[in-house]
Structure formats: C-alpha cells, structure tokens
Amino acid sequence: MKSYSIARRLITTVLLVELISAVCVTGMAWLYERHSHFRSFDILLRGRADSLLGSVQDAEDPEDNVMLSKSDVDVPSEDMYEVRDEKGRLLGRSPNWDGASQDALATNADGYFNLTVGGEHYRALLLHGLRVVDPGDKGGGVPHHVTIVYGAPTRRVWRAVIGAVEFYAAASLVLLLVTGLVMAWLLNRSMAPLRALAAEAAGVSVNAWRFRPPEEARATKELAPLVGALEATLQRLEHSFFQQRRFVSDAAHELKTGVAVVKSSLQLLGIKQRSAAEYQAGLERCEVDCARMEDIVVKMLTLARVESTAARPDPVASPTDISAIFHQTVEQFDGVAELRGVTVDRSAPEPLYISVSAEESALLLSNLLLNALQHSSRGTRITASISQEKDIVELHMEDQGDGIPAEALPHIFERFYRGDPSRNRNTGGTGLGLSICKGIVDAAGGEIAVRSTIGVGTTVSVRLPAMKKGSSSLVASSTQIATVHEG
C-alpha cells in the first residue's frame, strides 16, 4: 500500500473545505452586491425621473399646454430620457435617444426594465406622473399627466459589483493561504509528541527494553491509548523473551544434569574392573537418566505443539467424551495411587463432551492427576470430579498435600518452574506438566486456575466450553470466567 501523510491529508481536507466555503461566500457576495447596488441604482433612476417631472412647466399658451424647461434639466450626458404629456406630445428627450424604449411605452405600466442601445446596457424606468401647473391659481392649478422614460448605463454598477466580489475573493484566497500555513505549523508542532514517542519506541530492542514515553505524549488525549498499548505490548514481549531465555536455560540445565549423571556413571564404571552386577546397576542408572532426558524432550515437544495449536486453533472433527477419558485415566493411575497409599475419589456421572481432542484430554487429565499424586502424602485423599453447569464443563482436582506457597502461585504455569529452587528430583517432575495443561486449556478457549493453602492442600479448577454430541459447534462462549474452590 502506498504511504501517505496524515498531516498532509488533514491540511488538504481543511483547505478544500475552506475553498468550497470561499466559493460559496463569493457567490453569495455576488448576489448580495448585485441586489444592493441595483436597488440603490433604481432609487437613483427614480430620483432623476422625479427631477424631470419637476422640470415640466406651463407653456403659457391658450390650450394650457406644458413644456420641459431645459434650464431645469440637469442629468448626466450619458443618460437618456424622453418626456411626453397626456396627449402624447413630446416635451423633451436626450440627444442620445433612439426610440429603443417604445416597447416599454406600449405596455403603459410603471416599472424598471433593461434595454440595450448601441451595444450599451441600460437600466430604465417608465414613470407615469402627475404634474400640477400653477398650483397657486384659483382652483388649485391645472393637473397634467406626464409619461417619463429614463435610463442610465449599468457599466458603473457592474464595475462596483465586480470590484466588491473581487475583494471578497481576494480576501478569501489570502485567508486560505494564511490558514494553510498556520495549520501546517500547528500540525507540525502537534505531531512533536508522536515523533518523540516513535523515537523512544525505536530505541527498544531485545537487549534494551527500557521504554519511557514522553510525558507530553501521555498527557495528549489522542496519544494516551497508544502509549498504554505500547507499554502493555512491550511488557508482554519482554516477559515472553524472558520466559524464552529462561526456558532455554532451564532446558539446558535439565539436559546438562542428565548428561552429567550418565557421564559420571560411565566414568565410574571405567575406572576399574567391576563385577557383572555392578556393571548392570551402572547401566540401569544410565538408562533411568536417559529415560528422564527423553521424557523432558518429549514434554518440550508436546508443549511446543500445544502452544502452536493455541496460536492457530484447528476445529475438532467431533466432540470428545471427557467423562470416559476421565475414568480411563484414573484407572491407569490406580496402581501408582496404591503404591503411594493415596485414595482417589472420582465423580463423573454422565457423558460430557468438549472440543479438546481425545489425546490432549488424556494428557490434561493425566498431568493433573499425576501432579496431585506426586504431592500427596500417604494416607491422604484426592478428589477428582467432572460436571457440567449450563454450557460449561468443570473439572476439579483436589488433593490434601502440603500446599503451594502464595508467592509461588503466580509462577506455577511457567515452564520448568518448581517450588523447590534446588530442583529436588524426589517428585520426579520436570516442571512442564502444568505448562502443558494451560496450553491445552487455552487452545480450547477455557481457563485453568489453582487455589492452595499451606498444610491443607491444593485445588486445580478447569472450565471448558461444552459441545453437543454429534456436533462440532461450540455450545458456549470460549470466554467464560474460571472459578476456583479452595482446597
């Protein structure tokens, strides 16, 4: 996708809106100026026509005719006019009169009209007025009806209108230019916190996780969510890298310990001649440690596969009956429980279906049960139960072991984590079992949680979305909240 500038787009958009507004304002100014100037021009025409009406005087003849007094006529030379009495007699006209207004006279209606004379545009007025001659005489004088046509060229009016509109247009363009420059400056200044934030984020690397966003960026309302998201993302990444490094270190430590034990056993066997029984015992110790290393590698591969499935979940072809697998798993560990003197109480009253494959369901149950057996004392009980509440299948594994310290609970799902920092082998664990369980549960859209009390025991609670028998569609949402019962 082609790159673009947000600031440039904003400036262009605002300037385009202002340009459209300027065009609209200029158009409205054109209409307003035209209306106001021609309204004033019409008033001027009416005033000049009235002055002509006032110049009509008594002709002093027996028929009481009137005439237009030339000495009283004072109009611009470019204007044209014609004055007639009620008998149609011509009283006077301008030198440039060419009869172009005869059509207006034919209508016999007062009003303004436009005409063109010799290529010149005129605005004209047809006026029927009453002129009373000698109003001081007995009887109040003699009234005469006078018809006046008066016109004046409109070029000066149009020049004034165009000048006003040009002023509006020029002012709008100047304002547009100033606005663009101011916006560019303001946006450039406003983007400074974002540039500072980007520069700080660019300094983060695998070896330098320090990220201190500028306070100005944090205080900016629009950037605050981005700052929070960057901080949270970098914290998760740092934690993931830390876990990865520790995983590699722990895996190397576990494998190195096994290799060292095998090597020392072989060296002891080669120091001097030994009996067949001693060789047999030494080889058995080597075999045990090799089996332990193999178990670590297998669980590491299992964990990688589970986490890969969680990242790219595949739909399960058919639902899995977790109750049947639950009974099979408990029966498989009956011998281990008997040897340790631990009683396992089980409860799974009916078939329950989930979206986890049979293989992973068995792995989940066996890891949880084996973990409970390894941390249970002789003579204690383990309570394992499965039930369904609405659209959620719940699994609880409760033991009466020594319990887990509160400070260790947040870390129990981490790879190779064991509460005993000396990595005591008495329990036989690798520290990967609960990590695998969490990976399986997360991939299925469920939740797993642990509650423990020192000297009382530990309870592991798992909640998984239920499925209908014979259907591959989930019945429940995969975002249910897990509840944990204290052991």
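Observations on the structure shown:
- Residue check for residue 83: at pLDDT below 90 and closer than 22 Å to residue 47 by Cβ: no
- Qualifying position, being in contact with a strand residue (DSSP E or B) (Cβ under 6 Å, 6 or more places away or on another chain) and open to solvent by 30 Å² or more (accessible area, probe 1.4 Å), among 79, 58: 58
- Among residues of segment 397-418 being within 13 Å of residue 371 (Cα to Cα) and open to solvent by less than 60 Å² (accessible area, probe 1.4 Å), the one that is modelled with the lowest pLDDT is 418.
- Close pairs from segment 14-28: first within 14 Å of residue 167 (Cβ to Cβ), partner open to solvent by less than 70 Å² (accessible area, probe 1.4 Å), Cβ under 8 Å, at least 6 apart: 22/169; 22/172; 22/176; 25/172; 26/165; 26/169; 26/172
- Residue that is surrounded by the most Cβ atoms within 10 Å (Cβ to Cβ), among those in segment 254-288 that are in a helix (DSSP H, G or I) and among the polar types (S, T, N, Q): 265
- Selection from segment 309-333 of residues that are of a type in the set (S, T, N, Q), open to solvent by 60 Å² or more (accessible area, probe 1.4 Å) and modelled with pLDDT under 85: 318
- Filtering segment 27-55 to residues that are at pLDDT below 90 and either open to solvent by 50 Å² or more (accessible area, probe 1.4 Å) or in a loop (DSSP other than H, G, I, E, B) (or both) leaves only 55.
- Filtered residues of segment 320-334 (kept if under 47 Å from the mean Cα position of the chain (by Cα) and either part of a helix (DSSP H, G or I) or small (Gly, Ala, Ser) (or both)): 322, 323, 325, 326
- Criterion (in a helix (DSSP H, G or I) and over 32 Å from the mean Cα position of the chain (by Cα)) met by exactly one of 229, 251: 251
- Residues that are more than 30 Å from residue 445 (Cβ to Cβ) and exposed (fewer than 14 other Cβ atoms within 10 Å of the Cβ), drawn from segment 289-308: 291, 294
- Segment 83-97, residues that are in a strand (DSSP E or B), surrounded by fewer than 18 Cβ atoms within 10 Å (Cβ to Cβ) and of a type in the set (Asp, Glu): none
- Residue check, residue 462 closer than 26 Å to residue 380 by Cα, open to solvent by 10 Å² or more (accessible area, probe 1.4 Å), within 41 Å of the chain's Cα centre (by Cα) and at pLDDT 90 or above: no
The values are calculated or read from the model by the stated rules, or taken from the named source; none is laboratory data. Nothing here was measured: the structure is a model prediction, and the numbers come from that model. Because the Cβ atoms are built from the backbone with ideal geometry, glycine has one as well, and the counts that use them run over all protein chains shown. Protein only, heavy atoms only, side chains kept; ligands, DNA and RNA dropped before computing areas. Shrake-Rupley method; radii C 1.70, N 1.55, O 1.52, S 1.80 Å.
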